1. With r as the distance between the Cβ atoms of residue 17 and residue 37 and R0 = 35 Å, compute the FRET efficiency 1/(1 + (r/R0)^6) and round to 0.05.
2. Provide 81, 43, 72 ordered by accessible surface of protein heavy atoms (probe 1.4 Å), highest first.
3. Segment 38-103: Rg/Rh from Cα coordinates, Kirkwood Rh?
4. Give me the net charge of residue 147's neighbourhood, meaning all other residues with Cβ under 15 Å from the Cβ of residue 147; Lys, Arg count +1, Asp, Glu -1.
Amino acid sequence: MELIPDSINGTNTVALDRTFQDRLIGLNAVQLGIDFTGEIDMLKLTLLCRQFGIPVELLPDDLDSMAFRDVLALSLLIYRLSGNPGSIGIMAIALGAADVVIDVGGFDLDHNAQARHDGLFLYNNEAEYRSFYMNISITSVEADRQPAFEADFRALFAIFQPVHLHLGNVTFTEAGL
């Protein structure tokens, strides 16, 4: 019984298969890798994000082109680390911050003024329960950019971070303080 049909078992097809095999054997594996963080072509970044299931359409429209490109380039890493301080720091740095200090805590009492015995759930001023509450201090963002930066950061936080995280206050400090 012949498993390969005559239509593709010709000498031309076999020769092409050998040619591709020789090319693949000589190919350096590094050439096949995707360097997300080093990529600068917007079309390529957009296609790569879609390929990995990252919703480019949900990103804020008002990001400047450099910030948009940086967020796209780092989005796979942000998603992979989502929910930990590293991911939050990468988000802020992609938007142009020099450094980020994350203060996890800020435990409040729940709606009936009773703290839970394990301190796991927090009640915040938006009347929502979240497992973790954090305040963030951003370094080296110009005063005139701070409102837009905070709006973009909060929008990205809602997209990239798990729903159980609550972003409390975003404060801005000067470098070295």
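The values are calculated or read from the model by the stated rules, or taken from the named source; none is laboratory data. Small disclaimer: the values here were computed from a predicted structure and weren't measured. No Cβ is skipped: glycine too gets one built from the backbone with ideal geometry, and neighbour counts run over all protein chains shown. Each accessible area value is taken on the protein alone, full model and side chains, heavy atoms only, with ligands, DNA and RNA left out. Shrake-Rupley method; radii C 1.70, N 1.55, O 1.52, S 1.80 Å.
1. Plugging the Cβ-Cβ distance into 1/(1 + (r/R0)^6) gives 0.50.
2. Result of the area sort, largest leading: 43, 81, 72.
3. My calculation puts Rg/Rh at 0.96.
4. Around residue 147, the surrounding residues sum to -4.
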